[in-house]
Each structure stands twice: as structure tokens, then as C-alpha cells.
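Contents: one structure, followed by commentary.
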Amino acid sequence: MTHLVAIDQGTTSTRAIVFDAGLAPVAIAQQELRQIYPAPGWVEHDPEEIWSAVVATVRDAMANAGVGAKDIAGIGITNQRETTIVWDRVNGKPIHNAIVWQDRRTADACAALRSAGHEPAITDKTGLVLDPYFSATKIGWLLDHVNRGRAAAEQGRLAFGTVDSFLLWRLTGGKVHATDATNASRTLLFDIVRGQWDEDLLRLFAIPAGLLPEVRDCASDFGETRADLFGGAIRICGIAGDQQAATIGQGCFTPGMMKSTYGTGCFALLNTGLEPVRSRPMTLM
């Protein structure tokens with residue numbers, strides 16, 4: 001096995017890149033992703049379009065590189081973070097379009113929680129501010145606005161995931177429902193100190209624990225693809241949210257190193273080492 005495949009599922013496009021044994025890119029395929037705006041401040045994606053584009057671009061990139069499944073040592077997935085998908089565990093179909101990280105429909109829900117004094121405790125556990133950007137209130141909106149969504153979730157019928165989890169579920173034929181710590185940490189439901197889903201946060205946001213994926217290290221065994229997708233089963237060896245993946249790719253392994261990424265948005269990530277560093281507002285004189 002001489003090659004690796006990277007899936008980059010972003011906000012505006014989906015790409016697949018084949019790398020050789022020296023980690024040089026040898027082929028790439030890309031498809032644009034349609035943006036859906038149902039109302040002012042609302043942004044959605046069609047999960048089926050995301051899935052179709054991932055399969056098509058991986059196949060095209062492998063064909064362009066002249067490699068088959070037997071040549072691929074592993075697949076890695078990087079993805080737009082915070083974008084929220086809930087799907088039916090029985091038939092694998094999403095119950096609604098994905099709600100994108102840019103979406104602001106849950107601003108009032110966040111404001112109510114903030115007014116009730118919950119933001120300091122949320123920030124202490126997650127390192128995040130209370131904002132519609134993150135996944136928790138998006139999940140709640142889906143459960144409350146899709147017919148019988150909450151009832152189905154409480155019965156254990158539904159699964160939640162950021163885009164990586166949804167793709168992993170589909171790639172493995174529903175055998176693996178998992179995510180990595182970088183994506184889990186962007187949901188407002190993950191305690192970054194203990195490294196696990198937090199029961200108090202789940203209660204606060206009214207999210208049934210049975211919805212959630214298992215959290216694994218970003219460099220972990222995530223199962224293998226269905227053999228029919230790419231001409232044979234291929235191991236899935238890594239997952240990381242796009243900004244963290246860019247930080248890793250630039251070698252920011254030493255505390256104090258920072259990566260600024262320019263794409264659909266501008267994001268700066270800092271390696272803080274083993275201890276959480278709480279950001280503080282800075283006044284410019």
C-alpha cells in the first residue's frame with residue numbers, strides 16, 4: 001500500500017486528494033457545494049449532496065492517480081466544523097438538511113440561556129462562548145422542529161453528528177458512529193478537561209445522550225469503508241476538524257505556535273499545551 005486519501009469536506013466544496021508515500025499530492029478532485037438559505041440568517045446544506053460529492057471525488061481522485069483500493073493505506077477525513085446533522089439509525093436518512101455553522105436561527109435560545117446565567121459554567125467546561133455557531137442549540141432546534149424528532153431521539157432511533165460522523169457512518173455502512181475530540185470540542189457538549197461528553201450540559205441543552213457519537217483520538221481506528229464504494233475496503237485512520245487539521249498540517253506541535261487559516265472565514269488556532277488557557281478581552285490603548 002503506497003498511497004493515502006484525504007477527504008476535505010468544506011463549507012463551499014468537497015475535495016479528495018491522493019498522496020503518495022512521500023506525502024506529495026498526486027491527484028485531486030473537487031465539487032462545489034450548494035448553499036441553501038431558507039430564511040434570513042439561516043444556512044443549510046443537503047447531507048445527501050455532501051455524501052454524493054464525497055464518494056464521487058474520492059473515486060475521481062483515485063482514478064486520476066491510477067490507484068485502486070489495494071494501493072490505499074488509509075483514508076483521513078477533515079470537515080467543516082459545528083455543522084449539525086441528525087439522521088435515522090434505521091434507514092440512515094437525515095431528518096432535515098444540515099444546519100451550517102454560520103446559521104443564526106438559535107440566537108434567541110442562546111440569549112435565553114445567557115440571561116439565565118448559564119454561560120460561565122458552559123465556558124468553564126467547553127472553552128467556548130454560548131453562541132449559535134456551535135452544535136448544541138442546532139441539535140435542539142432539529143429535535144423540536146422536525147415532526148416527532150424529540151420522541152424519536154428519546155427512543156434511541158436517531159443519531160447526531162458533525163459532518164465527519166455522518167460521513168463515517170455512511171462510509172462504514174452504519175457500523176461506526178464516532179467522532180474525534182477536535183470536532184466534539186466544538187459542540188458545547190464536551191468537557192475539554194475530562195475529555196468526555198458532559199451530563200450537565202446534555203441536561204441543560206435537553207440533548208438525549210443516546211444521540212451522540214463515541215469520541216476517539218483524531219489518529220485512531222475508525223473502521224473501514226464498504227467494499228463496494230471504492231473497489232475494496234479501505235481503512236479510515238484519522239479525523240480532524242478543518243481548522244485543527246490545518247494546524248496539525250503546519251506542524252504547530254509546540255505550545256505557543258499558532259495557525260491562521262483563511263477560507264470561508266478567518267480562524268486562528270493556538271497550541272496551548274497540556275493546560276487550558278482562558279482567553280481574556282484585551283483593551284487597546
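The values are calculated or read from the model by the stated rules, or taken from the named source; none is laboratory data. These numbers come from a predicted model, not from an experiment. As a convention, Cβ positions derive from the backbone with ideal geometry for all residues, glycine included, and neighbour counts pool all protein chains shown. These area figures cover heavy atoms from the full protein model, side chains too; ligands, DNA and RNA do not enter into them. Shrake-Rupley method; radii C 1.70, N 1.55, O 1.52, S 1.80 Å.
Observations on the structure shown:
This table checks each residue for (1) under 19 Å from Leu171 (Cα atoms); (2) among the polar types (S, T, N, Q).
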{"site": "Leu4", "(1), (2)": "yes, no"}
{"site": "Gln9", "(1), (2)": "yes, yes"}
{"site": "Ile17", "(1), (2)": "yes, no"}
{"site": "Ala29", "(1), (2)": "yes, no"}
{"site": "Gln35", "(1), (2)": "no, yes"}
{"site": "Pro38", "(1), (2)": "no, no"}
{"site": "Val55", "(1), (2)": "yes, no"}
{"site": "Arg59", "(1), (2)": "yes, no"}
{"site": "Ile72", "(1), (2)": "yes, no"}
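- The set of residues from the range 129-188 being polar (S, T, N, Q), more than 23 Å from Ile236 (Cα to Cα) and over 12 Å from the mean Cα position of the chain (by Cα) comprises Thr137, Asn147, Gln155.
- Verdict on Arg34 being over 30 Å from Ser220 (Cα atoms), of a type in the set (D, E, K, R) and not in a strand (DSSP E or B): yes
- The lone criterion from (1) touching a helix residue (DSSP H, G or I) at 6+ places or on another chain (Cβ under 8 Å); (2) hydroxyl-bearing (Ser, Thr, Tyr); (3) farther than 25 Å from Pro94 by Cβ left unmet by Thr225 is number (3).
- Of the criteria (1) modelled with pLDDT of 95 or more; (2) farther than 30 Å from Val55 by Cβ; (3) open to solvent by 10 Å² or more (accessible area, probe 1.4 Å), which one Trp141 fails: (2)
- In this entry, Ala53 is excluded by the filter for residues that are open to solvent by 10 Å² or more (accessible area, probe 1.4 Å), more than 25 Å from Ala181 (Cβ to Cβ) and at pLDDT 95 or above.
- The single condition among (1) open to solvent by 10 Å² or more (accessible area, probe 1.4 Å); (2) more than 30 Å from Gln155 (Cβ to Cβ) that Ile7 does not satisfy is (1).
- Restricting the range 256-285 to residues that are modelled with pLDDT of 80 or more and among the small types (Gly, Ala, Ser), the residue that is surrounded by the most Cβ atoms within 10 Å (Cβ to Cβ): Ser260
- The residues of the range 37-69 that are part of a helix (DSSP H, G or I) and of a type in the set (Ser, Thr, Tyr), listed by number, are Ser52, Thr57.
- Of all the residues in the range 184-219, those that are crowded, with 17+ Cβ neighbours inside 10 Å and part of a loop (DSSP other than H, G, I, E, B) number 11.
- Residue list for the range 127-138, restricted to those being among the β-branched types (Val, Ile, Thr) and either surrounded by fewer than 23 Cβ atoms within 10 Å (Cβ to Cβ) or in contact with a Pro (Cβ under 9 Å, 6 or more places away or on another chain) (or both): Val129
- Where Glu199 falls short, out of the listed (1) free of Cβ contacts under 8 Å to residues at least 60 places away in the same chain; (2) in contact with a strand residue (DSSP E or B) (Cβ under 9 Å, 6 or more places away or on another chain): (2)
- Looking across the range 230-255 at every residue that is part of a helix (DSSP H, G or I) and over 17 Å from Thr11 (Cα atoms), the one that is modelled with the highest pLDDT is identified as Phe230.
- Matching residues, the range 56-104, being touching an Asp or Glu at 6+ places or on another chain (Cβ under 6 Å), surrounded by fewer than 24 Cβ atoms within 10 Å (Cβ to Cβ) and modelled with pLDDT under 95: Trp101
- Within the range 144-177, considering residues that are farther than 17 Å from Leu189 by Cα and among the aromatic types (Phe, Trp, Tyr), the one most open to solvent (accessible area, probe 1.4 Å): Trp169
- When each of Val215, Val193, Val176 is tested for being farther than 16 Å from Ile77 by Cα and β-branched (Val, Ile, Thr), the lone residue that passes is Val193.
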